[in-house]
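The values are calculated or read from the model by the stated rules, or taken from the named source; none is laboratory data. Here the structure is a predicted model, which is why all the values come from computation and not from measurement. Neighbour counts are summed over all protein chains in view; Cβ atoms, including those assigned to glycine, are modelled from backbone coordinates with ideal geometry. To get the accessible areas, we keep the full protein, side chains included, count just its heavy atoms, and leave off ligands, DNA and RNA. Shrake-Rupley method; radii C 1.70, N 1.55, O 1.52, S 1.80 Å.
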Amino acid sequence: MSESVSFDSIREGLRSDDFDDQQEALYELFEAATEAEDWSQFEPLVEDLESVLDADPYVREGAINALYRLDVLSVDHVQRLDEIVQGDDSRLGFRTVDVLFERSKQEPEAVVPIASSMIDFLVIRDWLAEDASDETPGSELREEDGVEIVEHSSPRGKQLHAARRFKADTLLSTVAEREPAALVPKIDEFVATAGRDDYDDLRSRILETATLVAETHAEECEAAIEPAADVVATTENAKIRTKATYLLAMVAEAHLETVAETVEPHLETLFEMLESVYSDEQNAAISLLSYVAEVRPEEVDAARDQIVTLLDHHIEGVRGSAIWTLEYIGDESVVADLDAVAESDPNEDIRDLAAEASASLTAD
């Protein structure tokens, strides 16, 4: 079969109103592409494939699979695929996530409008299996936020959908790098997914993406405070707890009082983090405490001795945050420690900061 005849025949079948013709055209396309061992030559059929995204579910699935292999997607049809992700057919939704993920790597701006539904995908379809039903062994119905969900606990089901959840988060990270505002409307739901009993790497990456949003949109991320604090309070994973703490410190730039009030019941956890064997966890804890100390110095003062020990930490940021915190909570009892830093710290900025803090505590 020549390439031109193949194109004409496939295009005619896809454009037909008859299900059998559409199905036959897809068979013909896959057979020709398999024989050619090269999908790229079939890119001229992209618009024809997109034309059947509203067709019978079986035809839609075939078209989505073809678009996935072609790795080409018209920006005009991203919204239509977004609707499929949100639809009731989970199998098509999962496959569509694959297509959109591949598109995000080639043209990130094209997937910005679907950030909201990718968050919904993480929230609602967390543990769904493709063949899950209330009769499926190991499954049970549960209700979350008013949505009835079938949870499937088989290892195969979890493994199958873990890949899609990682793809959804990676897509959201791509969006956050370019249009972070697109994640703001559902930032609370997004952060809350990091508090679930899920893959630790996924939970950590979700928090990293949320922090990326907060770096430029801290004012609009107030809703992230409560779920992030819940993660700090409930997770035993140091890496995840650290990421959530960094997120809170970032949002504190714009919502100091709210962050301080929300984390106050969890200060003991932050104090314990100061003594962690992981420097990154210490850094996150003292960064957040330096904000809390500004409005609740008497609460943070309980960790004064621990904070003083951080003045000779090998990370400059930890030493700097410790100095800021001591200036808020300290008195003349820490002046000698600050003076020692002002005299001998290897970093000039840290020496100057310690000198200023010392002068502030000894001022009349």
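How much of the accessible area of segment 255-341, in percent, comes from carbon and sulfur atoms when a 1.4 Å probe is used? Spell out each step's value before the answer.
On the way: 1740 of 3810 Å².
That share works out to 46 percent.
Rounded to the nearest 0.05, what FRET efficiency is calculated for HIS266 and SER333 with R0 set to 35 Å and r the Cβ-Cβ distance?
Details: r = 27 Å, r/R0 = 0.76.
Rounded to the nearest 0.05, the efficiency is 0.85.
For TYR27 and TYR199 in the same chain, what is the full-extension length gain: residue separation times 0.36 nm, less their Cα-Cα distance, in nm? Mind showing how you got there, number by number?
Working: separation 172, 0.36 × 172 = 61.92 nm, distance 3.75 nm.
Taking TYR27 through TYR199 to full extension adds about 58.2 nm, to one decimal.
Could you give the angle, 0 to 90 degrees to the nearest 10, between helix 155-178's Cα long axis and the longest principal axis of the Cα atoms of the chain?
The angle comes out at about 70 degrees.
Which ³J(HN,Hα) values in Hz, rounded to whole numbers, follow from the phi angles of segment 295-309 under the Karplus curve 6.51 cos²θ - 1.76 cosθ + 1.60, where θ = phi - 60° and Gly and Pro get x?
Residue by residue, segment 295-309 yields 10, 9, x, 5, 6, 6, 4, 4, 9, 4, 4, 5, 5, 4, 5 Hz.
Simple spin-label model, 7 Å along Cα-to-Cβ: GLU215 to GLU177 in nm?
Between GLU215 and GLU177, the simple spin-label model gives 1.1 nm.
Roughly speaking, what is the stretch gain from LEU361 to GLU47, that is 0.36 nm per residue apart minus the C-alpha to C-alpha distance, in nm to one decimal? Write down the numbers at each step before the final one.
On the way: separation 314, 0.36 × 314 = 113.04 nm, distance 7.01 nm.
Here the answer is 106.0 nm.
Using a Förster distance of 45 angstrom, determine the FRET efficiency expected from the C-beta separation of ASP312 and ASP98, and round it to 0.05. Can you show the working numbers first?
Values: r = 51 Å, r/R0 = 1.12.
So the FRET efficiency works out to roughly 0.35.
If you add up the charges near SER276, with Lys and Arg at +1 and Asp and Glu at -1, over every other residue whose beta carbon is less than 13 angstrom from its beta carbon, what do you get?
Numbers: positive: LYS239, ARG241; negative: GLU236, GLU272, GLU275, ASP280, GLU281.
Once positives and negatives cancel, what remains is -3.
How many lysine pairs does the chain hold where the Cα atoms are under 23 Å apart and the two sit 8 or more places apart or on different chains? Don't skip to the end; give the middle numbers.
Values: LYS105/LYS167; LYS105/LYS186; LYS158/LYS167; LYS158/LYS239; LYS167/LYS186; LYS167/LYS239; LYS167/LYS243; LYS186/LYS243.
The number of close lysine pairs in the chain is 8.
Give a residue-ordered list of calculated ³J(HN,Hα) values for segment 100-106 (Karplus: 6.51 cos²θ - 1.76 cosθ + 1.60, θ = phi - 60°; whole Hz; x for Gly, Pro).
For segment 100-106, the Karplus-derived couplings read 5, 4, 4, 5, 5, 6, 8 Hz, x marking Gly and Pro.
Counting only protein chains, not ligands or nucleic acids, how are HIS314, HIS255 ordered by accessible area (probe 1.4 Å), most first? Intermediate values should be presented prior to the final figure.
Values: HIS314 135, HIS255 20 Å².
So the residues, ranked largest to smallest area, are HIS314, HIS255.
Skip the ligands, DNA and RNA, and give the accessible area per residue of the chain with a 1.4 Å probe, whole Å². Numbers along the way, then the final one.
Working: 17020 Å² over 364 residues.
With all protein chains present, the chain gives 47 Å² per residue.
Rounded to the nearest 500, what is the chain's calculated 222 nm mean residue ellipticity when only DSSP H runs of at least 4 contribute -39500 (n - 2.57) each, over all residues? Intermediate results must be reported in sequence, preceding the final value.
Values: 20 runs with 239 residues, N = 364.
-20500 deg cm²/dmol, from helical runs alone.
What label, among [x] 1.29; [y] 1.20; [z] 1.03, belongs to Cα Rg over 2.2 N^0.38 Å computed from the structure on display?
[x]
Taking GluC sites (Glu not before Pro) as exposed when DSSP calls them loop (any state but H, G, I, E, B) and at most 10 other Cβ atoms lie within 10 Å, what is the longest stretch of the chain free of them, the sites themselves excluded?
On the way: sites that count: GLU37, GLU135, GLU236.
That would be 237-364.
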